[in-house]
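The structure under discussion appears below in the form of structure tokens.
The values are calculated or read from the model by the stated rules, or taken from the named source; none is laboratory data. Treat the numbers as computed from the prediction; the structure is a model and nothing was measured. Cβ sites come from the backbone with ideal geometry, for glycine too, and all protein chains shown count toward neighbours. Note: areas computed on protein heavy atoms with side chains; ligands, DNA, RNA excluded. Shrake-Rupley method; radii C 1.70, N 1.55, O 1.52, S 1.80 Å.
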Amino acid sequence: MNLRQLVSITVFPVTFLVTHGIAIRALAAGVNPTGVIAAITAATVVLVVALERVLPFDPDWNRARGDVLPDALHNVFSTIVTAQLCQAALLVALAPLAGWLAARTGASWWPLGWSLTAQTALAFAISELGAYWAH
């Protein structure tokens, strides 16, 4: 197995485990969740960009074509802006339903009694389901 193959099969699971471990520890220590997410996202983007430059999937993709700015703008708008708009729309649409269900069942909107690890896993599953559904 060469270095390219090793990196290819290990970078996602290692990054996933490390970033989630950092997130869980930071949140347990009371760090602002928005700051944790922003820092992890920025670090992950830097890692992916660096790996694409050093070990690209297709070396031809690294040739300059004058598309860095359009790609960056597309990424910002399609990931950040669209995600925020979708999140706001879902919150407006689903908050009344969640409130109604919580009132009818006597439960809270979120399983606050669960461990932080279980809550993080649930949040990840929900966010990935939303990302998968939107994709």
Being surrounded by 12 or more Cβ atoms within 10 Å (Cβ to Cβ) and either touching a Gly at 6+ places or on another chain (Cβ under 6 Å) or assigned to a loop (DSSP other than H, G, I, E, B) (or both) is the filter; apply it to the stretch 108-134 and report the residue that is modelled with the lowest pLDDT. Trp110
Need pairs with beta-carbon distance below 8 Å; first residue within 16 Å of Thr79 (Cα to Cα) and within the stretch 35-51, second open to solvent by 70 Å² or more (accessible area, probe 1.4 Å); sequence gap 6+ or separate chains. Ile40/Ile22
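Can you tell which of Val92, Val68, Val76, Val49 is under 20 Å from Phe16 (Cα atoms) and out of contact with any strand residue (DSSP E or B) (no Cβ under 9 Å at 6 or more places or on another chain)?
Numbers: Val92 fails: under 20 Å from Phe16 (Cα atoms); Val68 fails: under 20 Å from Phe16 (Cα atoms); Val76 fails: under 20 Å from Phe16 (Cα atoms).
None of the other options fit; the residue is Val49.
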From the list Gly66, Gly35, exactly one residue is more than 21 Å from Val11 (Cα to Cα), outside any helix (DSSP H, G or I) and not hydroxyl-bearing (Ser, Thr, Tyr). Which is it? Gly66
Scanning the stretch 74-83 for residues that are open to solvent by 70 Å² or more (accessible area, probe 1.4 Å) and modelled with pLDDT of 80 or more gives His74, Asn75, Phe77
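Tally up the residues in the stretch 44-73 that are under 18 Å from the mean Cα position of the chain (by Cα) and open to solvent by 60 Å² or more (accessible area, probe 1.4 Å), please. I'd like the intermediate steps shown before the answer.
Taking the stretch 44-73 as the starting set, the residues that turn out to be under 18 Å from the mean Cα position of the chain (by Cα) are 44-49, 72.
Restricting the remaining residues to those that are open to solvent by 60 Å² or more (accessible area, probe 1.4 Å) gives 45-49.
Total meeting the criteria: 5.
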